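So the structure is just underneath, and the comments pick up after that.
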Amino acid sequence: MIFLKQISINTIEELRTAIQTAIELEHSTIPPYLTANFTLSNTGNDAISNVISSVVGEEMLHLSIACNLLNAIGGSPILNQPEFIPKYPGPLPGGVDTGLIVPLEKFSVELVSDVFMSIEEPEKPIHINALTGAEGSMTIGQFYQKISEKLIFFEKEAEKSGQTIFTGDPDKQLIYPKFFPEKLLYPIKGLDAALNAITIIVDQGEGTGTDPFVNPDDSAVEEPAHYYRFQEIVKGKSLVRDSSGGYSYSGSPVAFDPKSVPNMKANPKMADFPVNSLAYQYSKLFNFTYTSLLNCLHLAFNGQPEKMDDAMGLMFSLRLYAGKLLATPYPNCPGYVAGPSFEFVANEEVPKEGNPFMEKAFFKANSLVTKISVSDIEKSKDFYVNLLGFTEDERYRINAGGNFGNESYVQLNLLKGGQNIVTLGLYKDISQPFAPAPQNGTVPSFIVEDIETTLKIFQKEKIKIDSQDGQIIVSNTSDQGYVDRFFFFRDPDNNSFVIRENMTYTN
Amino acid sequence: MSYLNSPRLTFSGLFQADPSTVNNDPTHFNNETFKPSFQKMQEGKNANGWWNPEGTGNWRFLNCEVKSVTYLDGTSTTNEADDPVLSMSIMDSGTKVAGKIVDLDTQQQMVSALWGLVVRLVSGEKEILKADYEVASFTNIWMSRAPALSGDTTAAAIYQSVLKNIHWDIDNSDSRFLKELYLLGRYQLSIQFTVDLYDMDHTSPQFTIGRITGSIAPQYSEPSFFTIGRPLFPQTSKVNYANAIVDLEQKAVVLDLANSFPVNPDGNLLNNSNLSLAVLDSSDNNKPIEIGVIDFQDPGWYSVKSGIMSFPLADKLELVENNPLIILDQNNNVLLKESLEYVCADKFVFYLNPGESCEVEFYATSLGKPLGNRTIELQLNASQFGPTPPQVGWPESALSFPETVTLDDAGKAKVTIIAGDPGNPRGYIDGQVYGIAYNLSTDLFSNCNPSNFISILVFDKVPEDKIANPTWDDIQPIMQQYANLYPLMSKGIFNLADKEVVDANAEILKFVFGKDKTDPNYMPATRDLSRDKSAMILNYLNSVLNQAAPNDSVTFKKL
């Protein structure tokens, strides 16, 4: 359950501040829900995705209602500032610091049960009372309850002098009947409309306390409140009314098939991606689109309601960029893909990054040729060609003095399926093998699929292989639990190479 | 007045063009033979869905900064301390989706247009100006710009258009440039830019990104999509068309070479030897008289000055007004030479439905002055279109226009082109593409700039009763084609080939199919849906909505 910091509302200005917090709070649930939902796209998990989508749609509704409410009492919603977006992972806006930490991560049943359901958990009076007293906190339900009470209080006070707190410009009230039924999103012009609007938010989120289904007055279709809707995912079945009058999770299946869900690295940040990577490009475009969406919503709720049309387009555009991110490997993190980070990108951040074109222009390598110092070109060539399977690219040959003397050069390719994958350039610039054999310095690694087989062949061919305390194959484990195994070998001049079998995950 | 006049600003940086490429192959429009592999990235020799099957269609400015300003009096600066506009950026919209890059047709991909683009000049979070870019197609595409590269990365092209619906916020600005720009360009600005070095390697971090440099200046008393001036024609295969104006206020030639010389993959000129701008003196055996040195040694000639150079004329003004310009290399080889008589259509790309017509405006000039009382010849010419099959440019009867038109005293002429019903000559592709070549009757089209050419897509007609009462079977083939050709949309958002999906999302689909074509949210992003089929789809969606319960719950929950 989410606990918000206790707030005091003694003035109409403080009431406006509280409603601005409500707007931020309603918004803050959307990035984590959407992120999880994006990872379900085209994975055969439509039933779960539909549940999350329906909650996201209602969070958008709640945000819209809260904006109408703030406009109604003469405030101005702010959505176009960097601070509007909470930090993920982190507490939700207005939340106590020790409370629930909300991440941006791929869908999992645990994410729903541990985080999403906690966000939407209804108040359970008995143990809530104990907790609120202890921590100076309140639930979301209590938070809206307080806003309702203060609306009543200030309006009654205003009425005494023949005035009203509902002084906002009615033209700023947003309705959008194309998508939000008018009984749910309507102009708030007085106290009754305001209180009813808050009831809709709380009822859709938490239920009424006596019925897990949303009161039909507060919904377009019969559906459980968010908490119980998420529970459907955890239980694997939709919630239905029993013939006995009770409820059970025994309806249509809401099963999870994790097979195709992209392995998104949790809580990505644009700054974590190398600037010169596709992940960075897509992350920036996603975030720019998201920032544009917030800018657009800000206009829509500040006197230009027609901008909602543009906002719809941006929401779809966001999905497309999320899809691109989730299909892009996370740089330097094998096994993971990038994902949406929902960060504010200020105008000036878009252009002020220098011009990566120049970077590209100066260094956009197509392949790598590694120069190897050798003392005897022909002997080395024999080693690389006959033992390791390289072929010479004779176009590059320099036969100094006709006998492969000093400064001679032979370029060798290692082909796989007709494609060149490794190029070495043997260059005679030493007169005898390195002695003693160097123990550090640059060491190219050949990645193989089966290190044991390679080792057997090398041993049979009597290739010089390093060992440490009698051990030939050694291994490293990365911080994330990936293991790779490798051994060192030498060419005739004691140049060092590695044979490596890549990354298995052992955790 | 247009982008070559002063006051003007230049900008440079990067752009992104992210077209979907499944529709680059005309045969992919055939639903009967479409294969799932056509939605995949090309692999080796297997073209599949070409190089960007999951393109969004988006086109946007990236990292574009203002680099120089030239004031009304002709003086220039690049120093931020002189003018705050030099610290500002050129961006597209920050409150709606990106503009779209759109081919006219799968068989005419050489006039790709920008739709729904917003252009902004921003200072931090402040929008100094925001305007709508009038839909414009690129022209003067040059496939030998970066000869060391391959594919579309070798190409450069220019876009020229106007900015309208301009919102200004310069009250608190102390920029001399912005005050001058507002004074002369308050209602309309000219914008022109050159794009090149486009990256089509999907493994590159710069994938779908290229280089851009351009200019913005007041626009009035000029065509929208080209500048009347002193057109320079290439005299060798190594260079490309250029344009120049004689600015009588400044008594100077202003020359634009941004799209005229080949570059290395790093963006620098293949040959940065200085050249010479000269005028041929007809009173002295056409002897070249140098006007000035084209300073290619200046590293900022492209990225800072956008390839635009100004040459004071002093006592040579009259000479230049009456004689053609040439560009010479250091060995006095002629690289570019002014075309003495020139005709160009302003807007040159059109969509027509049966019964509709369009008007093409021609401007003819000689040495920058109106060339009146001459005749323009027009003829159908589909030679620039393809790949085929299906066959392009027929039946010829679907298009009617005069074979000749006479230019008035001001060197202007208008031609009306009327479309009939092509009658579905291409089968699986709607309508037909037509090209109209034009030239002065004293010239041949083959001597003209081949980009001075009119491209028209004429859509098929759909019977009235089908439009009025469509069934799913009527719209299914159209929807199937979109689902096939735009996998990002069909996999990422809506599978339009699925009746259940279409019906369940009828409200949002009606919303996007019903948008104005210039709105960046308009669907289909490819803008290749005919009036009749669009009406048919909207009528279908309306019938679904009329049958459904009010407030179809799926709509706002499909976010």
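Which value, in Å³ per residue, describes the convex hull spanned by the Cα atoms of chain A?
215
Which FRET efficiency value, to the nearest 0.05, is calculated for A:VAL221 and A:LYS156 with the Förster distance at 41 angstrom and r the Cβ-Cβ distance?
FRET efficiency, A:VAL221 to A:LYS156: 0.70.
Taking the number of other C-beta atoms within 10 Å as the exposure measure, put A:ARG241, A:ARG500, B:ARG186 in order starting with the fewest.
So the ranking, lowest neighbour count to highest, is B:ARG186, A:ARG241, A:ARG500.
Taking chain B as the reference, fit the longest principal axis to its C-alpha atoms, fit the long axis of helix B:531-547 to the helix C-alpha atoms, and give the angle between the two in degrees, 0 to 90, nearest 10.
40
Defining a contact as two alpha carbons under 8 Å apart and six or more residues distant in sequence, what relative contact order in percent does region B:120-166 show?
Result for region B:120-166 is 39 percent.
Just to check I understand the Karplus step: with θ = phi - 60° and J = 6.51 cos²θ - 1.76 cosθ + 1.60, what whole-Hz values come out for region A:442-455, glycine and proline as x?
Here the 3J(HN,Hα) series is 6, 9, x, 10, 8, 8, 10, 8, 9, 5, 5, 4, 4, 4 Hz.
Which angle between 0 and 90 degrees, to the nearest 10, do you get for helix A:140-160 versus the longest principal axis of chain A when only C-alpha atoms count?
40
Report the relative contact order of region B:300-445, percent, no decimals, based on alpha-carbon pairs under 8 angstrom and at least 6 residues apart.
Relative contact order for region B:300-445 comes out at 23 percent.
From the phi of every residue in region A:335-346, what ³J(HN,Hα) in whole Hz does the Karplus formula 6.51 cos²θ - 1.76 cosθ + 1.60 yield, where θ is phi - 60° and glycine or proline is x?
Taking θ as phi minus 60°, the curve returns x, 10, 10, 6, x, x, 10, 6, 10, 7, 10, 5 Hz for region A:335-346.
How many angstrom lie between the C-alpha centres of region B:396-463 and region A:48-80?
Cα centroid of region B:396-463 versus Cα centroid of region A:48-80: 52 Å apart.
So which GluC sites (Glu not before Pro) in region B:28-125 end up in coil per DSSP with only 14 or fewer other C-beta atoms within 10 Å?
Sites meeting the loop and neighbour criteria: B:GLU32, B:GLU80, B:GLU125.
What does the C-alpha gyration tensor say about the overall shape of region A:403-465? Classify as rounded when a/c is under 1.5, otherwise prolate if a/b is larger than b/c, or oblate.
Since a/c reaches 1.5 but b/c is at least a/b, the shape of region A:403-465 is classed as oblate.
Where a Cα-Cα gap under 28 Å defines reach, which lysines qualify for A:LYS416, not counting those fewer than 8 residues away within the same chain?
Straight-distance partners of A:LYS416: A:LYS360, A:LYS364, A:LYS371, A:LYS379, A:LYS381, A:LYS428, A:LYS456, A:LYS460, A:LYS462, A:LYS464, B:LYS40, B:LYS45.
Looking at region B:229-338, how many pairs of lysines come closer than 15 Å at the Cα, when each pair is eight or more places apart or spans two chains?
4
Return the long-range amide H neighbours of B:TRP50 (sequence gap of 5 or more, or a different chain), with a cut-off of under 5 Å between placed amide H atoms.
B:GLN42
Distance from a point 7 Å along Cα→Cβ of A:ASN263 to each backbone N in region A:459-493: keep the residues under 18 Å and list them by number.
A:476-485
Quick check: the distance between the Cα centres of region A:263-329 and region A:1-30, to the nearest angstrom?
Using only Cα atoms to place each centre, the spacing works out to 25 Å.
Among A:CYS67, A:CYS333, what is the fewest-to-most ranking by other Cβ atoms within 10 Å?
In increasing order of surrounding Cβ atoms, one gets A:CYS333, A:CYS67.
Plugging the Kirkwood radius over Cα pairs into Stokes-Einstein for the protein assembly as shown, at a temperature of 20 °C and a viscosity of 1.002 mPa s, what D comes out in µm²/s?
Result for D is 65 µm²/s.
Run the numbers on chain A and let me know its relative contact order in percent, using alpha-carbon pairs under 8 Å that are six or more apart.
12
What number in nm² do you get for chain B if you take the convex hull of its Cα atoms and divide its surface by four?
Average projection, Cα convex hull of chain B: 27.0 nm².
Taking the alpha-carbon distance from A:LYS178 and a cut-off under 17 Å, which lysines remain once sequence neighbours fewer than 8 residues away in the same chain are dropped?
List returned: A:LYS307, B:LYS510, B:LYS515, B:LYS557, B:LYS558.
With everything on Cα atoms, drop me the angle between helix A:278-300 and the longest principal axis of chain A, reported from 0 to 90° to the nearest 10.
10
Quick one: 3J(HN,Hα) in Hz for region B:254-271, Karplus 6.51/-1.76/1.60 with θ = phi - 60°, rounded, Gly and Pro as x.
10, 10, 10, 10, 4, 10, 10, 10, x, 10, 7, x, 7, x, 7, 4, 4, 9
For region B:229-338, compute Rh as the Kirkwood radius over C-alpha pairs and then the Stokes-Einstein diffusion coefficient at 4 °C and 1.567 mPa s; write the answer in µm²/s, rounded to an integer.
In µm²/s, the coefficient is 92.
If you average the alpha carbon positions of region A:215-240 and of region B:251-330, how far apart do those two centres end up, in angstrom?
Comparing the Cα centres of region A:215-240 and region B:251-330, I get a distance of 72 Å.
Viscosity 1.306 mPa s, temperature 10 °C: what is the translational diffusion coefficient of region A:58-103 from Stokes-Einstein with a Kirkwood Rh over Cα pairs, rounded to a whole number of µm²/s?
In µm²/s, the coefficient rounds to 130.
Determine the calculated [θ] at 222 nm for the protein assembly as shown from helices alone, applying -39500 (n - 2.57) to every DSSP H run no shorter than 4 residues and normalising by the residue count; nearest 500 deg cm²/dmol.
The per-residue figure over the protein assembly as shown is -7500 deg cm²/dmol.
Values quoted throughout were computed directly from the atomic coordinates according to the rules given, and no laboratory measurement underlies them. Quick caveat: nothing in here was measured; it's all calculated off a predicted structure. Quick reminder, even Gly has a Cβ in these numbers, built from the backbone with ideal geometry, and neighbours come from all protein chains shown.
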